[in-house]
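Here is the structure we will look at, set down as structure tokens.
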Amino acid sequence: MMNRLDERVARHQHNYAVVAEGLAGVSRIAVRAPVAPGALLGESMMFRVLDLGAAAGARFARALCAEGISARNIGDPVDHNVRAFWNWRFCFSDPAAAKRALPRSTAFLQQAVDIPLSANLTLDDCADVVRAVRKVAAGLPVGAP
């Protein structure tokens, strides 16, 4: 398995680049950028749904699932994602208070949509992801909540 690691990483990064290029220019979403060149594995496509309120990320992820694309909203109030800090019971006994204490972080996580990208995706699979994200984004309501 380790002898194929470089190949798998390259395929992850290629699939990420294909999907990211396909999403370039889509209004109302902001695709996560790597912190440095080559610093992104590419195992998932993460973006934020902008300017539509706290529930927009969860609605977007559900709509992608309805399109056949596996997606999660990190800050979904129904899906207790462990990446949302307010779900860290060892740190916070009151999730609502934790959200109030860190409102910008809360907003970012409520906007964040995560789509897993396998190293085994074909170009057609990547095109399906792009098509679904573009379709859902095109259906977003006009204006802020």
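The values are calculated or read from the model by the stated rules, or taken from the named source; none is laboratory data. Note that the structure is a prediction, hence the values are computed from the model and not measured. As a convention, Cβ positions derive from the backbone with ideal geometry for all residues, glycine included, and neighbour counts pool all protein chains shown. Only protein heavy atoms, including side chains, enter the accessible area calculation; ligands, DNA and RNA are left aside. Shrake-Rupley method; radii C 1.70, N 1.55, O 1.52, S 1.80 Å.
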Within segment 83-129, of all residues that are assigned to a helix (DSSP H, G or I) and open to solvent by less than 20 Å² (accessible area, probe 1.4 Å), the one nearest to ALA71 (Cα to Cα) is VAL129
Taking segment 45-58 and keeping residues crowded, with 18+ Cβ neighbours inside 10 Å and either free of Cβ contacts under 8 Å to residues at least 40 places away in the same chain or small (Gly, Ala, Ser) (or both) leaves ALA56, GLY57, ALA58
Exactly one of ARG72, ARG11 is on the phi < 0 side of the Ramachandran plot, open to solvent by 60 Å² or more (accessible area, probe 1.4 Å), at pLDDT 90 or above and in contact with a strand residue (DSSP E or B) (Cβ under 6 Å, 6 or more places away or on another chain), and that one is ARG72
Residue hits (segment 130-145; among the hydrophobic types (A, V, I, L, M, F, W, C) and either open to solvent by 90 Å² or more (accessible area, probe 1.4 Å) or assigned to a helix (DSSP H, G or I) (or both)) are VAL130, ALA132, VAL133, VAL136, ALA137, ALA138, VAL142
Out of (1) in contact with a strand residue (DSSP E or B) (Cβ under 7 Å, 6 or more places away or on another chain); (2) crowded, with 19+ Cβ neighbours inside 10 Å, the one ASP79 does not meet is (2)
Of those in segment 20-44 that are part of a helix (DSSP H, G or I) and within 21 Å of ALA56 (Cα to Cα), the residue most open to solvent (accessible area, probe 1.4 Å) is ALA20
Flagged pairs (Cβ under 9 angstrom, 6 or more apart or on separate chains; first in segment 31-42, charged (D, E, K, R); second part of a loop (DSSP other than H, G, I, E, B)) are ARG32/LEU40
